[in-house]
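Undergrad: Structure below; questions to follow.
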Amino acid sequence: MSTSTQDSNPATAEDFNSGFRKLNAPPQAERRGPEPEQIKGAVSEIYNGVASWSTHGDFWNWGMHDDALLDEIRSLIPGFDQYDTDGLSEQLYFQALRQVPIPLDGYAGKKVLEVGCGLGEGLNFASRVINASQVVGLDLSRAATDRANARLSRGDQLRFVQGDAESLPFGDGEFDVVLNVESSHNYPDLGGFLREAARVLKPGGHLSHVDLFIEESHARLTQLKQDDGDFEWVEEVDITEQVRSAIRKRLEPGSFYRRNFSSKKLGLKTRIMMGRGGSHLAGADFVGHKDLVDRLLEATRIRPKRVLQDYHSYRHHIARKKA
Ligand SMILES: C[S@@+](CC[C@H](N)C(=O)[O-])C[C@H]1O[C@@H](n2cnc3c(N)ncnc32)[C@H](O)[C@@H]1O
């Protein structure tokens, strides 16, 4: 599959603003909300925009903080969190990996896919702690997969393709493990994604799914798990508190996250949308945090008012494809 973008325009921060406006446009009277293709178009613009200002080492998730996980990763990759990272996003990926019932050193000959890989930093990290033969990342944002290929790809060992989670460009039974980290809340059809994930997995292969939920999406997944689908759901862990702990660390004054965000060359409009010090991007809503400056910007309507989502939880599920 080609990942060339020679004929596409480079992504800009304005893509982010345009996508954000589309996704948050008030629904028209005759419609309940944007159509699936409009959602995907807006999501793709948002992440193309974020890719345009992201720097090497940036992750796009809220992270997770758990001392036991941290110790385990440090013993595998000493000093992994000392340079250009706060180590919180890597913990989320480690959580996704270590719960799969394959030992970390048992991946020889195995093929791993991440759906919704963003800039590929998480998959790059994952590929360093397992010895898989082939690791592939897929994302809707072409700017993200282009950057990931340019910076991180290592032949067949690690490569990235642009594509849609609901229509995966892979053959049946190609993969042993499918990872999905903080991405599926963007998909208009979660059931469609699960069908595709099962299709590309070998019988007995595993899906490791990590994401945040609102009441509605949690009810939807609960229903899908009860339906007689392609998966046996073998494990479910509520990691809400560990994710909140990571977000709070990032929101602390002077944190690595805040310093990294401040160093980005962003227009005023985009900074306003992202919340003070990038707090919106860091997951401030999930811990009920709103800076005074953000409150003022919303009160004076300089920034659109963000309605706090009715978050349910942040969870990790492991599912095994039925034989
Ligand atoms: C919050 S980011 C997480 C990225 C990455 N997993 C990480 O943790 O850094 C969500 C990602 O899902 C991707 N995404 C959203 N909808 C998608 C779809 N329908 N198909 C594939 N990727 C999608 C976005 O482009 C974005 O890169």
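The values are calculated or read from the model by the stated rules, or taken from the named source; none is laboratory data. Keep in mind it's a predicted model, so treat the numbers as computed, not measured. All Cβ positions, glycine included, derive from the backbone under ideal geometry; neighbour counts span all protein chains shown. To get the accessible areas, we keep the full protein, side chains included, count just its heavy atoms, and leave off ligands, DNA and RNA. Shrake-Rupley method; radii C 1.70, N 1.55, O 1.52, S 1.80 Å.
Undergrad: Structure shown: which of LYS22/LYS269; LYS202/LYS321; LYS40/LYS321; LYS40/LYS202; LYS110/LYS225 lie over 18 Å apart, alpha-carbon to alpha-carbon?
TA: Beyond 18 Å: LYS40/LYS321; LYS40/LYS202; LYS110/LYS225.
Undergrad: Could I ask something else about it? Under a point spin-label approximation (7 Å from Cα along Cα-to-Cβ), what is the VAL293-GLN157 distance to one decimal in nm?
TA: Between VAL293 and GLN157, the label points sit 4.2 nm apart.
Undergrad: Given a 1.4 angstrom probe, I'd like the percentage of the accessible area of segment 244-299 that is carbon and sulfur, rounded to a whole number.
TA: 58
Undergrad: Given H placed on each backbone N at 1.01 Å, which residues far from LEU266 in sequence or on other chains put an amide H within less than 5 Å of it?
TA: Those qualifying (amide H under 5 Å, at least 5 residues apart or on another chain) number zero.
Undergrad: Given axes a ≥ b ≥ c from the Cα gyration tensor, I'd like to know whether segment 139-280 is rounded (a/c under 1.5), prolate (a/b larger than b/c) or oblate.
TA: Since a/c reaches 1.5 but b/c is at least a/b, the shape of segment 139-280 is classed as oblate.
Undergrad: Identify which of PHE231, PHE80, PHE94 has the largest mean-square fluctuation in a Gaussian network model of the chain, with springs joining Cα atoms closer than 10 Å.
TA: Checking each option, the largest mean-square fluctuation is seen for PHE80.
Undergrad: Which value, in Å², gives the accessible area per residue of the chain when a 1.4 Å probe is used on the protein heavy atoms?
TA: The answer is 47 Å² per residue.
Undergrad: Report, in deg cm²/dmol and to the nearest 500, the calculated mean residue ellipticity at 222 nm for the chain, where each DSSP H run with n ≥ 4 adds -39500 (n - 2.57) and the sum is divided by the residue count.
TA: -12000 deg cm²/dmol
Undergrad: Then there's this: Starting from 0.36 nm per residue, how many nanometres of slack lie between ASP238 and SER133 once their C-alpha separation is accounted for?
TA: 34.7 nm
Undergrad: Starting from the amide H of VAL161, placed 1.01 Å from N in the peptide plane, find each other amide H under 5 Å away whose residue is 5 or more places distant or on another chain.
TA: Placed amide hydrogens put GLY137, LEU138, ASP139 under 5 Å from VAL161.
Undergrad: Would you work out the Kirkwood radius for the chain? I mean one over the mean of 1/r across all pairs of different Cα atoms, in Å.
TA: After inverting the mean inverse Cα-Cα distance, the result is 20.2 Å.
Undergrad: Further, regarding this structure: By its C-alpha gyration tensor, with a ≥ b ≥ c as the square roots of the eigenvalues, how is segment 51-121 shaped: rounded for a/c under 1.5, else prolate for a/b larger than b/c, else oblate?
TA: Numbers: a/c = 1.88, a/b = 1.20, b/c = 1.57.
Note, shape of segment 51-121 comes out oblate.
Undergrad: If you don't mind, another one. To one decimal place, what Kirkwood hydrodynamic radius in Å is obtained for segment 244-299 from all pairs of distinct Cα atoms?
TA: The answer is 11.4 Å.
Undergrad: Then there's this: Would you look at the GNM of the chain, springs on alpha carbons closer than 10 Å, and say which of GLY277, GLY229, GLY122 moves the most?
TA: Highest fluctuation among the options: GLY229.
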